[in-house]
Amino acid sequence: NVIDRKPYPDDENVVEVKFARTPVMSTYLVAFVVGEYDFVETRSKDGVCVRVYTPVGKAEQGKFALEVAAKTLPFYKDYFNVPYPLPKIDLIAIADFAAGAMENWGLVTYRETALLIDPKNSCSSSRQWVALVVGHELAHQWFGNLVTMEWWTHLWLNEGFASWIEYLCVDHCFPEYDIWTQFVSADYTRAQELDALDNSHPIEVSVGHPSEVDEIFDAISYSKGASVIRMLHDYIGDKDFKKGMNMYLTKFQQKNAATEDLWESLENASGKPIAAVMNTWTKQMGFPLIYVEAEQVEDDRVLRLSQKKFCASGPYVGEECPQWMVPITISTSEDSSHAKMKILMDKPDMNIVLKDVKPDQWVKLNLGTVGFYRTQYSSAMLESLLPGIRDLSLPPVDRLGLQNDLFSLARAGIISTVEVLKVMEAFVNEPNYTVWSDLSCNLGILSTLLSHTDFYEEIQEFVKDVFSPIGERLGWDPKPGEGHLDALLRGLVLGKLGKAGHKATLEEARRRFKDHVEGKQILSADLRSPVYLTVLKHGDGTTLDIMLKLHKQADMQEEKNRIERVLGATLSPELIQKVLTFALSEEVRPQDTVSVIGGVAGGSKHGRKAAWKFIKDNWEELYNRYQGGFLISRLIKLSVEGFAVDKMAAEVK
């Protein structure tokens with residue numbers, strides 16, 4: 001914080017600014033920013049001065065983040081029972097920024113799209129993103145800044161913890177976001193997808209030289225880290241978890257700590273074998289598949305459980321199968337939102353007796369989809385769960401977890417894809433945005449795979465059949481009393497129908513796009529992505545030119561990004577080339593080029609080939625631009641993940 005500011009005696013064009021002394025801190029958390037900015041400011045209820053700095057003339061766009069930050073500081077202060085240690089916190093938007101944000105102590109830097117919200121032109125998902133990133137970075141002010149990891153090996157704990165608690169904080173500020181269900185779709189399933197690969201890595205990786213750090217920053221550190229902390233929090237219980245956190249932060253403030261130090265504090269607070277359990281999740285890669293079958297014995301249900309490592313490449317074959325200590329919860333249709341039983345599975349096989357379960361009741365593992373494992377039910381058990389999906393008596397996060405497990409078991413060749421698509425029919429009455437969003441991703445992956453076969457048209461028809469009833473229920477315009485999640489669902493469903501070429505959706509999208517471009521009726525921010533995507537995919541060179549013109553005119557980075565992400569939907573080979581050239585032009589910020597190329601690769605079969613060729617032809621420039629950072633690996637992942645033949649695998653290698 002500034003303690004003095006006065007004209008410099010020797011030169012009247014210069015001002016001398018004097019800052020207060022910092023706490024004892026790590027050097028990677030020091031930041032200076034020099035530039036022309038506007039700002040908005042407020043005081044949090046515990047007296048901290050909060051400011052959000054924006055580009056000149058955009059102070060209004062800092063208000064949303066300011067509100068979130070002012071609510072978040074007191075929330076963390078109460079949660080950790082440790083006050084925020086500085087008199088001020090500044091949040092500032094940086095024009096060109098590779099990461100999403102960086103938690104410098106008292107001066108947090110952000111991408112514009114992770115901080116700025118324009119009430120008229122920002123969509124619901126952008127608000128949610130800003131709230132999460134602000135929550136994440138402010139959590140680091142305690143966890144990471146006040147107590148810093150002793151070496152980069154323990155970095156996962158910093159990031160995993162902040163990636164978990166950002167959701168706790170957003171849930172506190174915006175209960176209507178149903179954010180914990182979204183966590184499962186955004187972080188948990190994403191981490192499982194990566195961690196099932198043979199070339200995954202443990203959460204905890206020993207780091208030799210600090211230059212390796214960027215390579216280690218991936219969805220395993222962030223998302224698997226956050227998921228196992230969520231599982232740990234559930235296993236310990238909130239009260240003891242808070243107590244342990246407070247012990248840890250108090251003991252190590254303004255010092256360094258290692259992962260083991262946190263386990264010790266949590267063990268002392270809870271009396272549970274935290275280190276023993278957690279080591280199985282952080283020091284070995286992968287996670288288990290729990291196979292379960294049930295038998296009715298008089299009034300009781302007897303369950304047989306076994307665990308094996310889950311592999312994306314098929315059933316585990318190997319000498320020594322790794323084992324996990326798995327906190328398992330079991331619920332029944334009698335009370336679907338509370339665990340009937342909790343156990344710690346610490347061996348390969350287990351039998352469990354559930355007392356007083358009637359033959360017509362279903363039994364489900366992994367209540368709330370909190371445990372970091374996948375479940376494979378016997379056909380009889382799965383069959384009995386379907387009515388719970390149909391009549392929505394199974395909670396949303398459990399419906400989501402169930403279909404996600406099924407899709408990934410089918411991708412691994414463990415069960416039949418036909419069986420999974422049959423289960424889809426049970427989702428006809430699904431009202432929940434996050435469940436649809438996850439379903440939609442899974443159908444998308446399947447549809448990419450089927451683009452290598454003769455069934456691509458059929459899967460498009462299937463997608464239209466699955467999404468048109470909900471599309472008709474929702475319509476195009478918000479109804480009174482709708483909220484955040486309805487807006488997200490409408491955008492998702494219309495985008496899915498438009499992309500698949502659903503006739504009525506396509507016609508309406510074209511009509512609204514024309515009105516938007518002519519300035520008759522501006523599209524609401526939540527409808528822009530689906531409409532842009534639909535008209536581009538089924539449009540021509542003129543459509544693309546209009547989109548590029550909208551991009552040039554857009555004043556907000558959010559709108560530019562929104563357009564950049566959908567350009568790849570375009571289908572003709574020469575227009576695809578035009579989009580790829582545009583990706584490397586001055587018009588696109590280097591941090592965003594990757595999403596344009598990725599969009600082309602994911603947009604169509606031809607796009608996939610063209611994007612890969614473009615990367616090979618421009619490799620030198622791309623490599624020089626992104627080497628050593630996480631954007632290079634994102635570029636490769638996005639551009640090659642749609643291929644499915646050995647010949648391509650060899651070429652990519």
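The values are calculated or read from the model by the stated rules, or taken from the named source; none is laboratory data. Model, not experiment: these values are computed from the prediction. Because the Cβ atoms are built from the backbone with ideal geometry, glycine has one as well, and the counts that use them run over all protein chains shown. To get the accessible areas, we keep the full protein, side chains included, count just its heavy atoms, and leave off ligands, DNA and RNA. Shrake-Rupley method; radii C 1.70, N 1.55, O 1.52, S 1.80 Å.
Points to keep in mind about this one:
- Looking at the range 1-122 alone, DSSP beta bridges between its own residues are antiparallel in about 60 percent of cases.
- Solvent-accessible area per residue, Å², over the range 17-65 with all protein chains present [probe radius 1.4 Å]: 65 Å²
- Taking amide hydrogens as placed 1.01 Å from N in the peptide plane, the amide H of Ala257 sits under 5 Å from those of Thr148, Met149, Glu150, each at least 5 positions away in sequence or on another chain.
- Taking the range 473-591 as the region of interest, the number of lysine pairs whose Cα atoms are within less than 15 Å, with members eight or more places apart or on different chains, is 8.
- Calculated Rg and Dmax of the chain using C-alpha coordinates, Å: 25.6, 94
- Anisotropy class of the range 1-122 from Cα gyration tensor, a/c 1.5 cut: oblate
- Ranked by how many other beta carbons lie within 10 Å on average, peptides 294-300, 599-605, 199-205 from highest: 599-605, 199-205, 294-300
- The mean accessible area for residues of the range 287-388, using a 1.4 Å probe and ignoring ligands and nucleic acids, is 47 Å² per residue.
- Packing around the peptides 325-335, 588-598, taken as the average count of other Cβ atoms within 10 Å per residue, puts them in this order, highest first: 588-598, 325-335.
- In percent, rounded to a whole number, the relative contact order of the chain is 9, using alpha-carbon pairs under 8 Å and six or more apart.
- Fraction in percent of alpha-carbon pairs per bin - 5 Å, the range 573-623: 5, 23, 36, 26, 10, 1
- Contour excess over end-to-end distance, with Cα ends at Glu320 and Ala504 and 0.36 nm allotted per residue: 60.7 nm
- Inter-part distance where the range 159-215 and the range 371-440 are each reduced to a Cα centre, Å: 23 Å
- Residue by residue, the range 200-214 carries 3J(HN,Hα) couplings of 6, 8, x, 4, 8, 10, 6, 9, x, 9, x, 5, 7, 4, 4 Hz when phi is fed to the Karplus relation 6.51 cos²θ - 1.76 cosθ + 1.60 (θ = phi - 60°); x denotes Gly or Pro.
- Long hydrophobic helices in the chain: the complete DSSP H runs spanning 24 Å or more by Cα along their own axis with mean Kyte-Doolittle hydropathy of at least 0.0 are 63-80, 124-140, 155-173, 433-450.
- Label-to-label distance for Phe19 and Asp96 is 2.4 nm, based on points extended 7 Å past Cα in the beta-carbon direction.
- Accessible carbon and sulfur surface of the chain relative to its total accessible area, %, 1.4 Å: 53 percent
- Note on Asn256/His452: beta-carbon distance plugged into 1/(1 + (r/R0)^6) with R0 of 35 Å gives a FRET efficiency of 0.10.
- Pairwise label distance in nanometres, Glu293 with Glu482, each label 7 Å out on the Cα-Cβ vector: 4.7 nm
- This model, with +1 at the C-beta of Lys and Arg and -1 at the C-beta of Asp and Glu, gives the range 287-388 a dipole about its Cα centre of some 360 debye.
- Bridge type composition, the chain - antiparallel percent by DSSP, nearest 5: 70 percent
- Förster radius 41 Å - calculated FRET efficiency between Glu641 and Ser337, Cβ distance, rounded to 0.05: 0.70
- Placing dummy labels 7 Å off each Cα toward the beta-carbon, the span from Asp46 to Thr417 is 5.2 nm.
- For Leu344, distant residues with modelled amide H under 5 Å away: Ile328
- Phe32/Lys613 FRET efficiency (R0 35 Å; Cβ-Cβ; nearest 0.05): 0.25
- Mean accessible surface per residue for the range 551-652, computed with a 1.4 Å probe while every protein chain stays in place, in Å²: 48 Å²
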